[in-house]
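The values are calculated or read from the model by the stated rules, or taken from the named source; none is laboratory data. Everything numeric here is computed off the predicted structure, so don't read it as measured data. Cβ sites come from the backbone with ideal geometry, for glycine too, and all protein chains shown count toward neighbours. Ligands, DNA and RNA are stripped out before the accessible areas are found, and what is left, the full protein with its side chains, is counted by its heavy atoms. Shrake-Rupley method; radii C 1.70, N 1.55, O 1.52, S 1.80 Å.
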Amino acid sequence: MLKSILVGVCLAAFLPAAAQAQNVEGRVGKLESEMRAVQRKVFPGGAGQMLQPEVRAPQSEQGPGPGSPATSALADVNQRVTSLEQQMTSLTEQIEQNQNRTRQLQDAFDNYRRSNDARLKTLETGPAPIATGAGGPIESDDQSSGPSRPTTRPETASKPGAATPTKVSVEKPSTGDPAEDEYMYGYRLWAAKQYPQAEAQLKKVVAEYPKSKRASYAQNLLGRSYLDEGKPSLASMAFYDNYKKMPEGERAPDSLLYLGQALTKLNKPADACKVYDELNDVYGAKMASAMKGQVAAGRSAAKCK
């Protein structure tokens, strides 16, 4: 095989381009050195034993005549390199297109999440003002979501001879995000004042999706449902659990605010004042101005010093 390669080198010498011949000679030298290294690896201690290649060119095959160009190993290699370069260019273009599509999908998803979060915050409208009379605060409703979302008008007391109010049918959303859908279903039940059903649904969200951001929302809304239902004792436990177990949750500050309200309703103003102090100490630096006003109102209702 080495003889065949050397013959090819000799034929290349007739080419007018001397640079090509030198390049081929350099490659041949590299191949010979690599072959010696391989044979030393295969035959350690062989005292320089060299095996002749078994594959030889057919005897009937004749090389080109002097001065006539022939297809050399260099031309074959150049053709293969050109083909590989074309394939690499095509693959690079495909990769860039896939990366561009991935970026577009990620941007679309991020925009969806941001708009959805903003819509939910608008729905909940943050903590409600301190209630001084009977009944809990009412949150605004997003009318843009269509007729499937129930309104949150207060229910009127039943009067003798009056027709019994029809129970609102609540539709469960289906967006493909289980945690989001389950929380929104609980929220809609709460907004429709179906408190027992809402409480069971919100407990399910916290139990099945404890790592979701909606767990903090669900636990806080659970306490609000108890509070609206006239169960401040259960509400205080729900609010405290949200703050204690998920202090970094988005609704942890809200739960402390509502906990103060629940304790005030339980005639425990001293404990309510301690809760408001805790709220200011832990979240005061990042508390919105609206919440600061509600804390001040709560402290006034509890007669805090």
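Being touching a helix residue (DSSP H, G or I) at 6+ places or on another chain (Cβ under 8 Å), in contact (Cβ under 8 Å) with a residue 60 or more places away in the chain and of a type in the set (A, V, I, L, M) narrows it down to one of 297, 238, 288, 301, so name that one. If you could, list the steps in order and put the result at the bottom.
Working: 297 fails: touching a helix residue (DSSP H, G or I) at 6+ places or on another chain (Cβ under 8 Å); 238 fails: in contact (Cβ under 8 Å) with a residue 60 or more places away in the chain; 288 fails: touching a helix residue (DSSP H, G or I) at 6+ places or on another chain (Cβ under 8 Å).
Result of the check over 297, 238, 288, 301: 301.
With a cut-off of at least 3 residues that are of a type in the set (D, E, K, R) and more than 20 Å from residue 205 (Cα to Cα), name the helices (runs of 4 or more DSSP H) lying wholly within region 218-305. Lay out the reasoning, then the answer.
Working: elements: 232-245, 252-265, 269-283, 289-301.
Because the criterion is at least 3 residues that are of a type in the set (D, E, K, R) and more than 20 Å from residue 205 (Cα to Cα), the helices (runs of 4 or more DSSP H) in region 218-305 that meet it are 269-283.
Residues of region 166-188 being assigned to a loop (DSSP other than H, G, I, E, B) and either within 14 Å of residue 205 (Cα to Cα) or not small (Gly, Ala, Ser) (or both), which ones?
166, 167, 168, 170, 171, 172, 173, 175, 177
Name the single residue that is surrounded by the most Cβ atoms within 10 Å (Cβ to Cβ) among those in region 155-190 being among the hydroxyl-bearing types (Ser, Thr, Tyr) and modelled with pLDDT under 75.
Quick first cut of region 155-190, residues among the hydroxyl-bearing types (Ser, Thr, Tyr) only: 156, 158, 164, 166, 169, 174-175, 183, 185, 187.
Checking the rest, the ones that are also modelled with pLDDT under 75 come to 156, 158, 164, 166.
Details: 156: 8, 158: 10, 164: 6, 166: 6.
Filtering region 155-190 for residues that are among the hydroxyl-bearing types (Ser, Thr, Tyr) and modelled with pLDDT under 75, the one surrounded by the most Cβ atoms within 10 Å (Cβ to Cβ) comes out as 158.
Any chance you could count how many residues in region 235-269 are surrounded by fewer than 20 Cβ atoms within 10 Å (Cβ to Cβ), of a type outside the set (D, E, K, R) and over 31 Å from the mean Cα position of the chain (by Cα)?
Looking only at that region, the number is 4.
I'd like the residue in region 103-116 that is more than 12 Å from the chain's Cα centre (by Cα) and open to solvent by less than 90 Å² (accessible area, probe 1.4 Å) and, out of all such residues, is nearest to residue 175 (Cα to Cα).
So the residue we want is 116.
Just name the residue that is nearest to residue 248 (Cα to Cα) out of those in region 200-217 that are assigned to a helix (DSSP H, G or I) and out of contact with any Asp or Glu (no Cβ under 8 Å at 6 or more places or on another chain). Give the steps one after another, and end with the answer.
Initial filter on region 200-217 (assigned to a helix (DSSP H, G or I)): 200-208, 214-217.
Next, from what is left, pick out any that are out of contact with any Asp or Glu (no Cβ under 8 Å at 6 or more places or on another chain): 200, 202-203, 206-207, 215.
On the way: 200: 24, 202: 19, 203: 19, 206: 15, 207: 18, 215: 11 Å.
Across region 200-217, the extreme among qualifying residues is 215.
Residues are listed down the side, and each one gets a yes or a no for (1) open to solvent by less than 30 Å² (accessible area, probe 1.4 Å); (2) under 31 Å from the mean Cα position of the chain (by Cα); (3) at pLDDT 95 or above; (4) not acidic (Asp, Glu):
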| residue | (1), (2), (3), (4) |
| --- | --- |
| 194 | yes, no, yes, yes |
| 198 | yes, yes, yes, yes |
| 202 | yes, yes, yes, yes |
| 208 | no, yes, yes, no |
| 212 | no, yes, yes, yes |
| 216 | yes, yes, yes, yes |
| 221 | yes, yes, yes, yes |
| 225 | yes, yes, yes, yes |
